[in-house]
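Taking it in order: structure first as structure tokens, then the write-up.
The values are calculated or read from the model by the stated rules, or taken from the named source; none is laboratory data. This one's a predicted model, so the numbers in the text were calculated from it and none came from an experiment. Methodologically, a virtual Cβ is constructed for each residue, glycine included, from the backbone with ideal geometry; neighbour enumeration extends over all protein chains shown.
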Amino acid sequence: MSTTFNYGFTLDNGTCIVHGEGVNVKSSFPPELDIPGVMHVFNVGNASDPTTPAFKGSFGVLPFDVATRMPRHVHLSTEPTGKRLLVEKVLVMNGVALVELAGDIYVIPPMTLVIIAAGVPHTWTACPPGLNMQRVLGLEEEVVSEGHFIAVYEHEDDTAFCPTAQVTPLRHADDPVVRPSPRISHGTSQDDTGEPETGDSDALKVRSLSSLFEAFLNQNNSSNAKQRGLFLLGEPSPLTYALSEFPEHLRPQMHDPSGDIRGSSTLQVIRQGVHPSHLKVADIAYLDAKGAFTSPTISTLDALISVFLERFDPFYSIVDTVELEKVYQDRKLPWLLQHAICFIGTTFCDMSVIHRTDFDSRLSARRHYYEKAKALFDIGYETSKIILLQTALMLSFWGPQTGAYWNPCSWIEFGVTIAVSLGLHRSASSSNTPTNSKGLLRRLWWTLAGRDTHCSVLLGRPFRINLTQCDVEMLNENDFNQNFQVGSFYQIHVAKLSLIIRDIVHRRFGPGEYHISPDDAHTRLDSWYSTLNTSLNRWEAGSPPFQCSTALEILYHYSLLLLFIRTLSTPQQRDHHCQQFGGDIQVQLVDQAAKKISSKAVTLMTEGAVCALPHEVFPGFFLAAIVLYRQKRQKSGAEAQLAHATFDHCRIVLNETRESWDLGRWAMHTFEFLRTNCKDDHSQLPGIPTSPRSISVVPQPNEVTALDLGASQIETAINPTWGDFPDQHVPGSMEDLLYMPDLFSNGEGGNLFFDYNMSQNG
């Protein structure tokens, strides 16, 4: 059935009213049947238009007269966990009704459908008798109120009746439903206490001083109702000290984020043309122009959701998949989350999925959904902190792009701010969190910590999370859904490894002395690897999944490279490091680790599994390629040919990732740049194809060039100095464009201190 007919109009609070020309009035039967009858269609239903709510709650008839004065109320779902604000529709069949919606009173004539948006406080009564609607509203037909009407109602789901004294719409199910003369409760709820109510018996109590303060701000600032601040009381701040002056005998605990978590973890309903009330008309128009309220085709969306659940979720379990699948089946996925998931889907999917769409490349598809999600994020469309955190994590898989301030670390920074505001960094903050949410929160935190570790190392940036101020328990199997062995196994091991990598980076590249020695770090790495192999050998269902075991092995060898690769800037430091850990042993470890990573390339390409790998493994190929590149330049004969072959294996993987992992393009451009400008490059060996004939960087549609440096502008790249590079082509410091700080920096004599044979020559 066509949905082009405009059914009614929408109020600022999201309520839809269908009457008069907004009702599709048509003949009930085909003209050729010559059967009289006129039907009034108020909407086409959820099956034909997914933006129309699907109703599966109670359905009935309620007569009203002037003596029936219903209390102002909202509707909440009755499920024990994941409560939602519900939509209600009321059809006024005959008579004239009065309805108050969010504090405004409307006169409703007969044959009018009112679809009350979720969270809008409302109340009904009959219009006093004698009111002539024709005179008041200018109706064509005379309608005089008789003091009664019949309401046909239906609820979106099973509902609880929640009276309220407030008129401002609720944004989340955990928002306090203010009743007259609110007081603080310190025990079980009582009907006459007038305390905030959310339909959850646990939520009837004022849980914390900070939530009480937020309720006070919301109640006294109706223009910005329910705009929650991103702060965590309980940390050292003037606000904490000020609120501690609250009368001690009435003082609840300082902070409890469980209310935020309960509401934020509930996915909200989306409807066409209904938007959050805190947004301005200009903001909605801007987002509409950006296509933020346009969904892909059902088949495309189905495919991208499947990719998200099958390829992304096992490595990054940041959503409640049960709830996600439920709201997706009901076509109620929030706009921001939908576009972020589509972005991830286009990043991890096979190219066959891209070919079935209108996009000419994976990169253009990723950019399409990234820009939609970022527009919604920037405007502040979504207020759910959990959804904002999930989105920030997903969008950290974009970039970096040349000249852009937004990069993976930027999104991680936002994620950390939101996570800290929820108290995810402190174990005590989740003490009152619903049991089914604790696992999700810990997964979110450790995914964020892992992304912070790997993105910061990759881009040479300081870590955004200071783990010395965090006491969150390490992930365990209980934090995951049952029968989720692959996801829990991978994510638990990666979380533990990220702590070791942080210590390595602090030790190798930090500004001061660090307590861990190379020997200690190596011992910890080997212990982690030994535990990993023991667990893999005991895998319950035979051999573990290929992507899981391969990714973890690559991450181990990548960590060894981070620990022992040479980037020190003075001979004195270099000699000191060699004394701490034998130089010859170090060379062998780096050599073996690089070759181990390279050996995985052919298998990955044969299996077609590159796009299904977690992105943390790709820097391993980049760093291994750098080691092998140095070897092929320093060796000769058969050794140089072998080094060139293993180097090309890494480049094959990097070339394959150039559209799904943005650093892949940077890596390929870096090696192309070095090959072009290194005059003594030994890659031109008999029997070995030159780089343009083997692997070259293939420009993609709409691709942003990572490095655009002309060969004639640089005299040599064997002994580079940052002053040699043309600044007009490079935004910011050149270090920002390479793997890590000082990776190619110069030491005495102009030699690169990433010299593989340094220990033998030093």
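Just wondering, is there one or more residues in segment 420-442 that are hydrophobic (A, V, I, L, M, F, W, C), in contact with a Cys (Cβ under 6 Å, 6 or more places away or on another chain) and at pLDDT below 90? If you could, list the steps in order and put the result at the bottom.
Pass one, segment 420-442, residues hydrophobic (A, V, I, L, M, F, W, C): 420, 422, 424, 428, 440-441.
Those left that are additionally in contact with a Cys (Cβ under 6 Å, 6 or more places away or on another chain): none.
No; the residues of segment 420-442 include none that is hydrophobic (A, V, I, L, M, F, W, C), in contact with a Cys (Cβ under 6 Å, 6 or more places away or on another chain) and at pLDDT below 90.
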With Ser352, Ser299, Ser361 as the choices, which residue is free of Cβ contacts under 8 Å to residues at least 24 places away in the same chain, over 19 Å from Phe377 (Cβ atoms) and hydroxyl-bearing (Ser, Thr, Tyr)? Ser352
If you take the residues in segment 59-80 that are under 35 Å from the mean Cα position of the chain (by Cα) and of a type outside the set (D, E, K, R), which one is surrounded by the fewest Cβ atoms within 10 Å (Cβ to Cβ)? Pro80
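The rows are residues; the columns are (1) in the same structural domain as Arg426 (by TED's automatic domain parsing); (2) at pLDDT below 90; (3) of a type in the set (S, T, N, Q).
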residue: Gly234; (1), (2), (3): no, yes, no
residue: Leu239; (1), (2), (3): no, yes, no
residue: Ser258; (1), (2), (3): no, yes, yes
residue: Arg262; (1), (2), (3): no, yes, no
residue: Ser265; (1), (2), (3): no, yes, yes
residue: Ile270; (1), (2), (3): no, yes, no
residue: Glu310; (1), (2), (3): yes, no, no
Counted residues in segment 389-412 being modelled with pLDDT of 95 or more and either touching a Cys at 6+ places or on another chain (Cβ under 8 Å) or in a helix (DSSP H, G or I) (or both) come to 10
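Within segment 566-685, considering only helices (runs of 4 or more DSSP H) that don't extend past its boundaries, which have at least 3 residues that are at pLDDT 80 or above and of a type in the set (Lys, Arg)?
Because the criterion is at least 3 residues that are at pLDDT 80 or above and of a type in the set (Lys, Arg), the helices (runs of 4 or more DSSP H) in segment 566-685 that meet it are 583-607, 618-634.
Residues of segment 296-345 being outside any helix (DSSP H, G or I), farther than 20 Å from Asp49 by Cα and hydroxyl-bearing (Ser, Thr, Tyr), which ones? Even if it seems obvious, please write down each step before you answer.
Residues of segment 296-345 outside any helix (DSSP H, G or I): 296-297, 313-320, 330-334.
Then drop every residue that is not farther than 20 Å from Asp49 by Cα, which leaves 313-320.
Of everything in segment 296-345, those that are outside any helix (DSSP H, G or I), farther than 20 Å from Asp49 by Cα and hydroxyl-bearing (Ser, Thr, Tyr) turn out to be Tyr316, Ser317.
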Read through the list (1) at pLDDT 85 or above; (2) buried (at least 19 other Cβ atoms within 10 Å of the Cβ); (3) more than 26 Å from Gln631 (Cα to Cα), then give the number of the only condition that Pro544 fails. (1)
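Taking segment 65-99, which residues are small (Gly, Ala, Ser), part of a strand (DSSP E or B) and without any contact (Cβ under 8 Å) to a residue 60 or more places away in the chain?
Quick first cut of segment 65-99, residues small (Gly, Ala, Ser) only: 67, 77, 82, 95, 97.
Retained after the next criterion (residues that are part of a strand (DSSP E or B)): 77, 95, 97.
Across segment 65-99, the qualifying residues are Gly95, Ala97.
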Within segment 18-30, is there a residue that is in a loop (DSSP other than H, G, I, E, B), crowded, with 17+ Cβ neighbours inside 10 Å and either aromatic (Phe, Trp, Tyr) or in contact with a helix residue (DSSP H, G or I) (Cβ under 6 Å, 6 or more places away or on another chain) (or both)? no
Just one of (1) part of a strand (DSSP E or B); (2) over 21 Å from Val41 (Cβ atoms) trips up Gly130, so point out which. (1)
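Would you please name the residue that is farthest from Asp452 (Cα to Cα), looking only at residues in segment 396-408 that are among the hydrophobic types (A, V, I, L, M, F, W, C) and surrounded by fewer than 22 Cβ atoms within 10 Å (Cβ to Cβ)?
Going through segment 396-408, the residues among the hydrophobic types (A, V, I, L, M, F, W, C) turn out to be 397-398, 404, 406.
Restricting the remaining residues to those that are surrounded by fewer than 22 Cβ atoms within 10 Å (Cβ to Cβ) gives 404, 406.
Values: Ala404: 19, Trp406: 15 Å.
Step by step, filter segment 396-408, then rank; the result is Ala404.
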Of the numbered conditions (1) assigned to a loop (DSSP other than H, G, I, E, B); (2) modelled with pLDDT of 90 or more, Leu562 fails exactly one; give the number of that condition. (1)
The residue that is farthest from the chain's Cα centre (by Cα), considering only those in segment 103-119 that are crowded, with 21+ Cβ neighbours inside 10 Å and not in a strand (DSSP E or B), is Pro109
Would you mind stating whether Glu156 is among the acidic types (Asp, Glu), assigned by TED's automatic domain parsing to the domain that holds Phe55 and surrounded by fewer than 18 Cβ atoms within 10 Å (Cβ to Cβ)? no
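From the list Asp360, Asp288, Asp330, which residue is more than 28 Å from Ala118 (Cβ to Cβ) and either of a type in the set (Lys, Arg) or at pLDDT below 95 (or both)? Please lay out each step first, then the result.
Values: Asp288 fails: more than 28 Å from Ala118 (Cβ to Cβ); Asp330 fails: more than 28 Å from Ala118 (Cβ to Cβ).
Testing whether each residue is more than 28 Å from Ala118 (Cβ to Cβ) and either of a type in the set (Lys, Arg) or at pLDDT below 95 (or both) leaves just Asp360.
Name the residue, out of Thr346, Thr357, that is of a type in the set (Ser, Thr, Tyr) and within 15 Å of the chain's Cα centre (by Cα). Give the steps one after another, and end with the answer.
On the way: Thr357 fails: within 15 Å of the chain's Cα centre (by Cα).
The match here is Thr346.
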